[in-house]
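*Asks:* Structure provided below as structure tokens; questions to follow.
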Amino acid sequence: MAAPAPSAEIWNSLFMMYVTSAVVISAVVLAILGYFVLRYRQPSSSLADGGQDEPEFRIGAEPTRGSAKVAIALSVILGLLFVGLTASTFSAMEFMEEIPEDNPDALHIKVTAFQWGWQFTYPNGRTITGELRVPVNTPIVLEITSRDVFHTFAIAAFKVKKDAIPDRINFAWFEAKEAGEYRIQCYELCGTGHAKMIATLLAMEPEQFEAWYGKLSEEKG
Ligand SMILES: [Cu+2]
């Protein structure tokens, strides 16, 4: 299934990189383990006479132990993997943190968290509670704050999450690629109503959005 937002897409590919690396490395380690178990097992001949004889093979008994070439090759592979994963992680973080504030196409929306709900204020002053309506294929810049205690604004399907702190504005952004309904939820334990601190994100086709909101071009701020 295609990711519903670029942020989710980049997150998914990062997740797949980590999972693939973990699976491949585990498979190699287990294969080597299996090989050693068979290669250095106690010979059945020594079991027949009560296991008194010395086994033919013993780990470390051979004159040459390991190979420098293999050690270097493995170190290089693991080093490259480490650098690759780290670089990809940082570039994904950079993508999320680079708020398209100056993008003329971006729609800025103020998000105010409160015990226990979400309020959204648009550039034209329109304010709604419990529902965030946005047009698809438009960068949405969120200015997130809280009216009372700490909350965390999150759209799990888009892999977007940002703290909502009183007297402070935190920025987050996303772009919906597919029209539909998504769940907005609080991720900071904030009181007895925390579990029900949910809002709906409604990603709409631009014409539908403008029919509800009015012309965007004149209102953006
Ligand atoms: Cu909350």
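*Asks:* If you go through segment 151-172 one residue at a time, how many are out of contact with any Ser or Thr (no Cβ under 8 Å at 6 or more places or on another chain) and within 15 Å of E9 (Cα to Cα)?
*Replies:* Within segment 151-172, the first condition is being out of contact with any Ser or Thr (no Cβ under 8 Å at 6 or more places or on another chain), and the residues that meet it are 151-157, 171-172.
Going one step further and asking which of them are within 15 Å of E9 (Cα to Cα), we end up with 155-157.
Total satisfying the criteria: 3.
*Asks:* Look through segment 145-159, keep the residues that are within 16 Å of the ligand (Cβ to nearest atom) and either among the basic types (K, R) or part of a strand (DSSP E or B) (or both), and return whichever of them is surrounded by the most Cβ atoms within 10 Å (Cβ to Cβ).
*Replies:* Once the filter is applied, the top-ranked residue is H151.
*Asks:* Listed residues M96, M1; which is in contact with a Ser or Thr (Cβ under 7 Å, 6 or more places away or on another chain) and either at positive phi or at pLDDT below 95 (or both)?
*Replies:* M96
*Asks:* Which one of these is within 12 Å of the ligand (Cβ to nearest atom) and closer than 24 Å to E94 by Cα: I198, I184, I169?
*Replies:* Among I198, I184, I169, only I184 is within 12 Å of the ligand (Cβ to nearest atom) and closer than 24 Å to E94 by Cα.
*Asks:* I need the full set of residues from segment 118-137 which are in contact with a helix residue (DSSP H, G or I) (Cβ under 8 Å, 6 or more places away or on another chain) and crowded, with 18+ Cβ neighbours inside 10 Å, in order please.
*Replies:* The answer is Y122, R133, V134, P135, V136.
*Asks:* Working carefully through the options A92, A113, A106, find the one that is surrounded by 12 or more Cβ atoms within 10 Å (Cβ to Cβ) and out of contact with any strand residue (DSSP E or B) (no Cβ under 9 Å at 6 or more places or on another chain). Walk me through how you get there before you give the answer.
*Replies:* Working: A113 fails: out of contact with any strand residue (DSSP E or B) (no Cβ under 9 Å at 6 or more places or on another chain); A106 fails: out of contact with any strand residue (DSSP E or B) (no Cβ under 9 Å at 6 or more places or on another chain).
Result: A92 is the single residue among A92, A113, A106 that is surrounded by 12 or more Cβ atoms within 10 Å (Cβ to Cβ) and out of contact with any strand residue (DSSP E or B) (no Cβ under 9 Å at 6 or more places or on another chain).
The values are calculated or read from the model by the stated rules, or taken from the named source; none is laboratory data. Note that the structure is a prediction, hence the values are computed from the model and not measured. Virtual Cβ from ideal backbone geometry, glycine too; neighbours counted across all protein chains shown.
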